[in-house]
Each structure stands twice: as C-alpha cells, then as structure tokens.
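Remarks on the structure that follows.
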Amino acid sequence: MRPNLSASRWAGMFLIAFTCSVAAVTSAGSFQCTDSTRVQLAAVRPVVSASAAPVMLIAQKLRCQGFDSKVPGQLVATCRFQSGEDVGCSLVSQGVAREDANKQQRYDLPTCGERAEARR
C-alpha cells in the first residue's frame, strides 16, 4: 500500500499513516517496503558496533506514521509491529540501535521509556 501523500501538516511536518511490508533491511534504522518506499526510523540511529542489520524485520507488516521526507520515496517515520511494540525501541533494546535525542526533539517524540510507560 502506497502512503497517502495528501496528508495533513503537523508542527511543520506532515503525518502519513501507512502500512509497510518490509522487503529489505539496510541498517538498524532503515528498511525498504515491498512497494519500494524507503523508511528511516525517526528517533533511532544504528549502533556502529552492530555487525548486521536486523533481518528479523524482513517480511514483517508494520504500521507506520511518516513525519518527513528527505527525497521522493523515502519517509522518516515511526513504526510499530502488529503487537503495538515500537520498532525503534525494540531495536534499541536489542542493542543494534540507540535513541537519538536530537531526532526525538525535532519530531516531538517520546523516549523509549516514555513509550513503554504509555503502553501500560
């Protein structure tokens, strides 16, 4: 499913709700959907010492919220597994990514601790 690009504006950024079936993982913070949309997770960065991209994302169907686009076909987004767990925070807990305070502030996103507390 292609993201709806006629999305509303929010805090200077647009919000796009879309579903991504992950086709390929390029790093601990980036992957490509089967519709060729490239996703960069909004609030995490890959850990340099991590030796491999998290292949456990491949074939996962994720629910995502796009915030920004750097280039056509690439969205900066937060995504959740079907269980509701945040993908970025899952990668942080696995040690393959770390939280990025600058991106959290830019996109007005809660920390992983705050996200976990909100799910309770």
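Fully extending the segment from GLU114 to SER21, taken as 0.36 nm per residue of separation minus the present Cα-Cα distance, adds 30.8 nm.
Here the Karplus relation 6.51 cos²θ - 1.76 cosθ + 1.60, evaluated at θ = phi - 60°, turns the backbone of region 105-112 into coupling constants of 5, 4, 9, 6, 9, x, 6, 4 Hz, with x for every Gly and Pro. Considering helices alone, the calculated mean residue ellipticity of the chain at 222 nm is -4500 deg cm²/dmol, with DSSP H runs of length four and up weighted by -39500 (n - 2.57) and normalised per residue.
Couplings for region 86-100, taken from phi via the Karplus curve 6.51 cos²θ - 1.76 cosθ + 1.60 with θ = phi - 60°, read 5, 5, x, 5, 5, 5, 5, 5, 7, x, 9, 9, 10, 5, 10 Hz in order; Gly and Pro are left as x.
Since every read-out is calculated from the coordinates, none of them should be taken as a lab result. Being a predicted model, the structure only gives us computed values, none of them experimental.
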